[in-house]
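One structure is given here, and the rest of the page talks about it.
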Amino acid sequence: MTVSVGLAQSAGPTGGIHGTLFDSTGDPVGQNVVLAENANTHAVFKATTSAAGKYTLEDLPPGTYYVAASAPGLKPFVMKGVLVKASLALKLDIHLGDTSQLNTLGEDRLRITADTQRHNPPSGPAPRTYGGKPDLSGVWWIPDTIDPGKPEFLPAAIAIQKQRLEDNSKGSPQAHCLPSAPLRNGPLWEFVQSQDFLIYISDDESPGFHQIYLDGRGHPGDPNPAWYGHSIGRWDGDTLVVDRVGFDARVWLDVESHPHSDKLHIIERYHRPDLGHLEIEITVDDPGVLAKPWTQKRVADLAHEEIFEYICQENNRDVEHMVGK
């Protein structure tokens, strides 16, 4: 990321931010949103990048801003404390990071972007089970985050994340054919629902499935730590509330490489408002790494796809080429 300041094109009481949005390989990212939120008024300003990745946020009242950008398959960019002055244009070039160390054909942002263009969720009412509850069954695209929340990680957790990122996330469990982070969904995943169980199946990790008990049982008194934790669900009206505890110590919390502690407790709320959409609210409560619980909201589209088997160990030639410090 590079930042420089220059005179605005025209004088006036407002300022602006402009620059270029790049992907992890340095190529421009076109037709993508960059937004700035005023820290005091919370007014949000948006700009869409050109085919060359250029963006311009104009007519920004002077003040401090929160600048954010994201693109499918890449780590989101967030920068706080961006100072905008009257009659000045701040140049801010944004480089989005890679969520893996692959960025090869089939794993790159262009493939993921192409997938998003295939989204065409059907319309109609949400299906229901014989018992009258919403049926969450279906194959779902990776969800869009509509509210990322504002996590407040403790200094020790930030230090661990920094070390992992500096090492190019070489130690990521998923890079070694182990399960991915519990806050990760997709790119395709499936719910298979029965009266007593809800099965989650992912299309790109091993073993790629876990079960959510819907039969009224509670968590064991001393749960055996598991990669996906121990999950139980209950219905709150038409919303399924999933409670997850007992995570393996080797799990990474999210694709941003944050850690977790043995106090990790995740609450997921699933609501299917219609046939083609699934609303997801996730609250992470982990006093070992977070100053307070962190909630984010997502929406997934129903996919016209099938889940295919995924064997990470089969012909895996990636690990020997991974580099860190």
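The values are calculated or read from the model by the stated rules, or taken from the named source; none is laboratory data. Everything quoted here is computed from the prediction, not taken from an experiment. For neighbour counting, all protein chains shown are included, and Cβ atoms are generated from backbone atoms with ideal geometry for every residue, glycine included. Just so you know, the surface numbers come from the protein's heavy atoms only, side chains and all, with ligands and any DNA or RNA stripped out. Shrake-Rupley method; radii C 1.70, N 1.55, O 1.52, S 1.80 Å.
Observations, loosely collected:
- Test result for I232, among the aliphatic types (A, V, I, L, M) and more than 21 Å from the chain's Cα centre (by Cα): yes
- Every residue from region 265-277 that is without any contact (Cβ under 8 Å) to a residue 60 or more places away in the chain and touching a Lys or Arg at 6+ places or on another chain (Cβ under 8 Å): H265, I267, E268
- Among the residues making up region 39-59, those that are in contact with a Gly (Cβ under 7 Å, 6 or more places away or on another chain), at pLDDT 95 or above and in a strand (DSSP E or B) are Y55, T56, L57.
- Being of a type outside the set (S, T, Y) and at pLDDT below 95 holds for only one residue in D135, D147, and it is D147.
Here's the yes/no breakdown for (1) aromatic (F, W, Y); (2) under 24 Å from the mean Cα position of the chain (by Cα); (3) closer than 25 Å to A249 by Cα; (4) outside any loop (DSSP other than H, G, I, E, B):
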position	(1), (2), (3), (4)
P122	no, yes, no, no
A156	no, yes, yes, yes
N168	no, yes, yes, no
S180	no, yes, yes, no
W189	yes, yes, yes, yes
Q195	no, no, no, no
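- Of the residues making up region 60-77, those that are aliphatic (A, V, I, L, M) and touching a Leu at 6+ places or on another chain (Cβ under 7 Å) are V67, A68, A69, A71, L74.
- Within region 164-183, tally of residues that are within 30 Å of P121 (Cβ to Cβ), open to solvent by less than 50 Å² (accessible area, probe 1.4 Å) and in contact with a Ser or Thr (Cβ under 9 Å, 6 or more places away or on another chain): 3
- Beta carbons closer than 6 Å, at least 6 apart along the sequence or on distinct chains, pair a first residue in region 139-166 that is within 29 Å of I201 (Cβ to Cβ) with a second that is among the hydroxyl-bearing types (S, T, Y) and not in a helix (DSSP H, G or I) for G149/T295; Q161/S257; R164/S257.
- Whichever residue in region 205-215 is at pLDDT below 95 and open to solvent by 70 Å² or more (accessible area, probe 1.4 Å) and, among such residues, is nearest to V284 (Cα to Cα): F209
- Filter pass, W252 being in contact with a strand residue (DSSP E or B) (Cβ under 7 Å, 6 or more places away or on another chain) and either without any contact (Cβ under 8 Å) to a residue 60 or more places away in the chain or surrounded by 15 or more Cβ atoms within 10 Å (Cβ to Cβ) (or both): no
- Count - residues of region 124-154 that are at positive phi and in a loop (DSSP other than H, G, I, E, B): 3
- Residue in region 225-237 that is out of contact with any Pro (no Cβ under 8 Å at 6 or more places or on another chain) and touching a residue at least 40 places away in the same chain (Cβ under 8 Å) present: yes
- Tally of residues being at pLDDT 95 or above, touching a Ser or Thr at 6+ places or on another chain (Cβ under 9 Å) and open to solvent by 20 Å² or more (accessible area, probe 1.4 Å) across region 255-278: 6
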